[in-house]
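Working notes for the structure below.
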Amino acid sequence: MRKTFLFLDTIINKVDAKGRVSLPSDYRAIVKELSTEIVCYRSLTTPCIEGCLEDLLEKLATDIENSTDFFSETQDDLTNLIFGDAKRFTFDSTGRITLSEKLLQHAEITDSAVFVGKGRKFQIWSEKNWIKEEQRIREKIKLNRPSLKTEEGK
């Protein structure tokens with residue numbers, strides 16, 4: 001049985017002048033166990049960077065193909081914005097990746113990056129934007145009080 005790997009926690013790391021940032025050590029351990037690189041692309045909905053292993057993007061590609069018409073505008077839009085924007089990153093011997101200027105500008109990241117675990121994927125935010133986003137999420141959750149059904153609770 002395959003061990004489950006999840007990106008967890010919220011970790012702030014410094015970004016140097018060349019756009020290099022250390023991938024959190026827990027995240028590096030997952031990547032080393034399952035792959036040799038991560039894939040990052042600009043979020044479609046927020047000013048952050050989405051990151052994951054390539055197998056999650058393979059699943060997403062299948063899901064898009066199965067849920068939209070092959071020649072539809074929706075499929076074209078999604079695949080252009082996700083796969084046309086995605087880039088593979090390997091980390092160096094010190095655990096750093098070099099984020100492109102396009103990614104850094106989209107996320108408004110300058111001197112520090114906030115890595116936010118989201119299970120099978122993670123996000124990279126500027127500190128300023130993450131503080132605002134976390135506050136927005138917490139306020140929304142307080143108002144809506146979502147309920148989740150687990151496998152046992154079906």
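Derivation of every value follows stated rules applied to the coordinates shown; laboratory data play no part. Every value quoted in this text rests on a predicted model; they were computed, and no experiment measured them. Please note: Cβ atoms are built from the backbone with ideal geometry, for glycine as well, and neighbour counts cover all protein chains shown.
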Candidates ASN80, ASN129, ASN13: whichever shows maximal mean-square fluctuation once the chain is modelled as a Gaussian network with Cα springs under 10 Å: ASN80
Computed helical MRE - 222 nm, the chain, DSSP H runs ≥ 4 contributing -39500 (n - 2.57), nearest 500: -12000 deg cm²/dmol
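Among all stretches of the chain without exposed chymotrypsin sites (Phe, Trp or Tyr not before Pro) (DSSP loop, at most 15 other Cβ atoms within 10 Å), which one is longest? Spell out each step's value before the answer.
Numbers: sites that count: PHE70, PHE71, PHE83.
With a cap of 15 other Cβ atoms within 10 Å, the longest stretch comes to 84-154.
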From the C-alpha gyration tensor of region 16-92, square roots of 5λ in Å: 27, 15, 9
Alpha-carbon Debye profile of the chain, log10 I(q)/I(0) at 0.11, 0.17 Å⁻¹: -0.49, -1.10
Prolate/oblate/rounded label for region 90-135 (Cα gyration tensor, a/c 1.5): oblate
Three-way shape call for region 63-149 based on the alpha-carbon gyration tensor, with the a/c threshold at 1.5: oblate
